[in-house]
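Here's the structure we're looking at; comments come further down.
Just so it is clear, none of the values below were taken in a lab; they were calculated from the coordinates. None of these values were measured; they are calculated from a predicted model. A quick note on method: Cβ atoms are made from the backbone with ideal geometry, for glycine too, and the neighbour counts reach across all protein chains shown.
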Amino acid sequence: MSIAKRVGAPRIVPTRGIPYPTGDPSLGPEQERAWRRELLERALHAVMTSVSEPTVFDGDQGQ
Amino acid sequence: MVHEVHELGLGEHTSYAAGRLTVGEESVLDLLRDPAFADVRLGCTSPGDRVRIVGVLDAVQPCSKGPGGGGVFPGLLGPALPVGRGSTHVLRGAAVLVAGYLPRAQEAVIDMSGPAAPLSPLAATHNLVVEFAKADEATWEDVDVALRRGLVRVAAHLAEAALETEPDAVEQLDEPGATANGKPRVGVILNLQTQGKFKDVFVYGRSLSGGLPTVISPCELDDGAVVSGQYGHPSLKNPTYLHQTHPVVAALRASDELELAALVLCPEPVDQANKELISAHAARLCKGLGLDAAIATKEGGGNADADVTLKLDLLEDEGITAIGILAEMAGRDGTGPPLVVVPSHATAMVSTGNYDERMTLPACERTLGRERIALLDQPSTDEIELPVAAIYCAQSTLGWGRLTCAEPVA
Amino acid sequence: MRIVHYVNQFFAGIGGEDSAGMGPELRDGAIGPGRRLATLLGDEHEIIATAICGDDYAAGHAEFAAQLVAQARERGAEMIVAGPAFTSGRYGMACARIAAAATEAGMPALASMHPDNAGLGEAAGAPLVQSGLIARFMKDSLDRFAAAARKIAAGEELTAQDGRIGPVARINRLAQRNAAERAVALVLTRLGGDRDAGEIPLPDFDSVTPAAPIADAAEAFLALVTEGGFVPAGNPDRLESARATKWVRHSLEGLDSAEAGSFESVHGGFSTQWANADPNRILPLDVAREMEREGAIGRLYGEYLGTTGNGTTVADARRFGMEWAAELRQAKIQAVILTAT
């Protein structure tokens, strides 16, 4: 994530692991899918939000 | 207790006298024997030979504290207990190497002469090279375990030959204490790869994977407490040999102005959240140890840059001067960004050269390890063109080498 | 030194945008700003010829630089200089490529442009010297250009003081002391109060202007892209696991999920076991389709674009990004989700 910020990606959604960006093998299949859904919801929120500099969308923006 | 080796050869019995190390073939093959192997062969090579070792997996410095090892390589040969006290006999200038194929191992090259020789620490040692073939019924994991066990046994066995000999030098290595002698306290942070099979490093014979940073005495390194089981990124490799002869520890011991205060071992997790935890914890640990500065080393490729740069930032936040030793991956013409993960505010880093720059290595007479270089699909004896990335320890992130992209200092 | 000077169609006095398509030419002597440059270079150096090319032709024909350099060499050139390009993007890229080609051919070279010129990244390590922002600052730019050219001709290194800009190639050499000793020395220097000493300069990434937000995801046409090495099983395009030099595209039509066995990851930078067990962990197709069905997303693009982000050079990554942006904009995509590893 620090790389994403450093190179200037304007909208960033943090994930839990390099080998599984839209997943989490420590969860059961249903919960993992729910986590994937959460990430995409945050991504949609991010593209609907105006930003002026690299901004992290980690779910604390109260969407 | 340092015993210098100036000559190496195979013979009937293992012996050491007047700088000449003779390796007893039968005894050594006996120590290496394991159901995982269909065949084991021994070869010797010395600095200056027109020899190329291809597919180097690990290298170990012969050391022993007594018959049977006396406790060295805890957890693998000796009992799994802290070491680093008392006398240890080392055969300086000799090494036991293993070369061949293992899964996930990237082909590593050592040239004992020629332009690539100054780039590898093992080109300056008299090497006993172990070659092997896997038994059909064995798995590669079995082979990996058998090699590691065999290697440390042989290393201890060879040093045992010098136990009764008067050492060429005796080095007094003190354990760091909580002494307040006025000099700045500097810690060494040793980041170790912990990615499972063929990509792990062993402390007291066990992996640090899933654990938190810990502190051991630097003297434990000399007794083989850290043994490598990872075989990737040849130029960035930290073989057991360099853990035993840790260059940063040695440089701090040699410094009159700084005190070697602590050695911190850290696993290198793959995921970001754990990297952040380990690095933050390590920074707190360093603060608790009363360090004024810390030098962080790494293991592995670009992903592992984060394990160093995160620590540099967090250490600086704790008011500890932080230095990182990092290799650059600046592309073939050297104009790409040097680091995969840059620190956000720390800036003190030492460069161990560009991974991607290419070199031409001349043809050689004899090879040990692998007969063909799979990467190039050429016989190992050919003249070959390779990136620096393939030369064993050329960019040593433990600081062994002189390769750098830094501008010369006036 | 016998020098060939490169200018574009405009500075050669041939024409403006209307002549931007003209092909490469070599004309005798100095032309346009080259005349003043020749005077500033002094008697020991001569501008024997001027190379000219239209900006559009140069941008569209990658070989133009090597061709011009070969022609210049035949004409007797010992050194090549290009510009000043100020902030003219196509001209700057052309100048940088000429300098790179000359260096590749073993000739000393120098290009002049403003640090904001897009050509800055194209010189592959050949020296670049700073010019003013616009042609109004030609006089000062030429002064600096000439001084730098004289240094290069004399075989000297350009420094920041001379106005050197652009990425400096990192070249391997053997230091006197090993890295451990230098690290210990750096501790002392830093403890002594020096806040800048170090051997690795930190890169400056250009800043990207964020795109305006989309009004409503429920109406949006959205594409999924990734650098996770995501490919159809068997990797038919042979996408590299590291140092990727290309990107791939494949249809997602009719697929509701990225099934194990249909897709895989060939990324060499991490263990792909989890990605291969469930490729949706790299390209979140299952959930994206679900959201498309529910109306949370307007429509999902019928293809994904992908590459492997493992040791990819910045130049290649930038190129892929530009090409993806062009493709997706053509397809009228409004938003993109990139899964990064």
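Along the axis of the charge dipole computed for the protein assembly as shown (Cβ charges of +1 for Lys and Arg, -1 for Asp and Glu, origin at the Cα centre), the listed residues B:V130, C:N172, B:S217 are led at the positive end by C:N172. Computed on chain B, the Cα convex hull volume stands at 143 Å³ per residue. Please report the net charge: other residues with Cβ closer than 12 Å to the Cβ of B:G11, K and R +1, D and E -1. Every neighbour counted, the sum reads -3. Its relative contact order, with pairs defined as Cα atoms under 8 Å and 6+ residues apart, puts segment B:198-323 at 25 percent. About its Cα centre, the dipole of the protein assembly as shown is roughly 1020 debye, where the only charges are +1 on Lys and Arg Cβ and -1 on Asp and Glu Cβ.
Dividing the alpha-carbon radius of gyration of chain C by the rule-of-thumb value 2.2 N^0.38 Å gives 1.24. Taking the average, over residues, of other Cβ atoms within 10 Å as the packing measure, peptides B:163-169, B:281-287 rank B:281-287, B:163-169 from highest down. Overall size of segment B:194-288 from C-alpha positions, given as principal axis extents largest first: 39, 30, 24 Å. Available extension along the chain between B:L375 and B:E26 is 122.2 nm, counting 0.36 nm per residue and deducting the alpha carbon span. Shape index of the protein assembly as shown: Rg/Rh, with Rg the Cα radius of gyration and Rh the Kirkwood radius from the inverse mean 1/r over Cα pairs, equals 1.00.
Counting Cβ atoms of other protein chains within 10 Å of each residue's Cβ and taking the mean over peptide B:271-277 gives 4. Ranking B:T22, B:I325, B:S120 by how far each Cα lies toward the positive end of the dipole of the protein assembly as shown (charges on Cβ) leaves B:I325 at the top. Taking the charge dipole of chain B about its Cα centre, with +1 at Lys and Arg Cβ atoms and -1 at Asp and Glu Cβ atoms, the residue from B:G100, B:T352, B:A273 reaching farthest to the positive side is B:A273.
Neighbouring Cβ atoms from other chains, within 10 Å of the Cβ of residues in A:43-55, number 5 on average.
Using only side-chain charges placed at the Cβ, +1 for Lys and Arg and -1 for Asp and Glu, the dipole size of segment B:187-286 relative to its Cα centre rounds to 380 debye.
Among C:144-156, B:385-397, sorting by the average number of other beta carbon atoms lying within 10 angstrom of each residue, highest first, gives B:385-397, C:144-156. Helical runs (DSSP H, four residues minimum) scored at -39500 (n - 2.57) apiece and divided by the length of chain B put the mean residue ellipticity at 222 nm at -5500 deg cm²/dmol.
In whole angstrom, segment B:23-70 maps to an equivalent ellipsoid with semi-axes of 22, 18, 11, each derived as √(5λ) from the alpha carbon gyration tensor and ordered largest first. Relative to the current alpha-carbon distance between C:D196 and C:F221, full extension at 0.36 nm per residue lengthens the span by 4.2 nm.
For C:C95, C:C53, the sequence from fewest to most other C-beta atoms within 10 Å is C:C53, C:C95. Counting Cβ atoms of other protein chains within 10 Å of each Cβ in C:276-285 and taking the mean gives 5. Under the combined filter of DSSP loop state and at most 15 neighbouring Cβ atoms within 10 Å, segment C:185-242 retains these chymotrypsin sites (Phe, Trp or Tyr not before Pro): C:F205. Other residues with beta-carbon under 12 Å from the beta-carbon of B:A330 carry, at +1 per Lys or Arg and -1 per Asp or Glu, a net charge of -2. Each Lys and Arg Cβ is given +1 and each Asp and Glu Cβ -1; about its Cα centre, segment B:129-204 then shows a dipole of about 500 debye.
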